[in-house]
Amino acid sequence: MTLQEFFRHSPKAALAFSGGVDSAYLLWAAKQYGENVQAYYCKTAFQPEFELRDARRLAEELEMPLSVIELEILAAPNVAVNEPDRCYHCKRAMFAALQQKALADGYTVILDGTNASDDAGDRPGMRALQELQVRSPLRECNLAKEQIRRLSRQAGLFTWNKPAYACLATRVPCGVPITKEMLAKIQRAEENMAQMGFKDFRVRLTKDGGARIELTADEIPLAVQKREEILLHLHGEFSAVMLDLQARKKSNGGGL
């Protein structure tokens, strides 16, 4: 099945739109092939501000409608406690809120950007999508990440080479309760790192309140060069600032 065939059978749908590579391409396809597709962005403390900016920018460029749903995700059951199944409870709360809004707007079919590269067995959040009967056109049409990037580039989407970005909650060690203040601190740290020129990285919180910076191999020399600048911005926020010399793999899928 192709995306054109998918939207021929499901011309009216609500799309969970994150502003990332996959949902961006799916929104473009909906513009091409759908008749009535509405994008919904679920804004929580787990999403950094740049994701919403990217979502709004792409929706405007494609001239597609975008609704923003604000959700107090830390108030959802079993989310803030940050146990191993946190992702399931988070996805369940977000898509339930999206589904409620979409149904009120007249949409009964809910779509998301899960692609054929995503491993369902390694994603507890996918169980929530299955329970809520969310459909994943990219996965159903067997479109994998690299193909989606290539097609996005051909379509002229600025998101085509955007690094995968897991939510801010993944920066907190499992079992450590999550707070808004903690997430804001991590977001500021990552914004500062981005302003220094780093492209594909994570700033992870340690159990004792430190920051562990993970970089790809080609950016580790830049961290050494900018050591003083990194400390200037991060040392006051964290008990310690550490560089992980075990280089992280370059983001391609939705990895943590």
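Any read-out appearing in this document is the output of simple, stated calculations on the displayed coordinates, not a laboratory observation. Every value quoted in this text rests on a predicted model; they were computed, and no experiment measured them. Note: ideal-geometry Cβ built from the backbone for every residue, glycine included; neighbour counts use all protein chains shown.
Annotations
- The Rg/Rh ratio for the stretch 108-256 is 1.02, where Rg is the radius of gyration of the alpha carbons and Rh is the Kirkwood radius.
- Once the Cα atoms are used to define both axes, helix 49-62 deviates from the longest principal axis of the chain by about 30 degrees.
- Helix 145-154 and the long axis of the chain differ in direction by around 70°, with both axes built from C-alpha atoms.
- Taking only the alpha carbons of the stretch 3-154, we obtain Rg and Dmax values of 14.7, 43 Å in that order.
- C-alpha center-to-center spacing [the stretch 87-139, the stretch 2-44] in angstrom: 13 Å
- For the stretch 168-244, the Cβ-based charge dipole about the Cα centre amounts to some 240 debye (Lys, Arg positive; Asp, Glu negative; other atoms uncharged).
- Translational D in µm²/s for the stretch 108-176 (Stokes-Einstein at 37 °C, 0.692 mPa s, Kirkwood Rh from C-alpha pairs): 237 µm²/s
- Using distinct alpha-carbon pairs, which all enter the 1/r mean, Kirkwood radius of the stretch 168-244 in Å: 12.5 Å
- Bins of 10 Å, starting at 0 and running to the largest distance - Cα pair percent for the chain: 7, 30, 35, 21, 7, 1
- Percent RCO, i.e. relative contact order, over the stretch 3-154, from Cα pairs under 8 Å lying at least 6 residues apart: 26 percent
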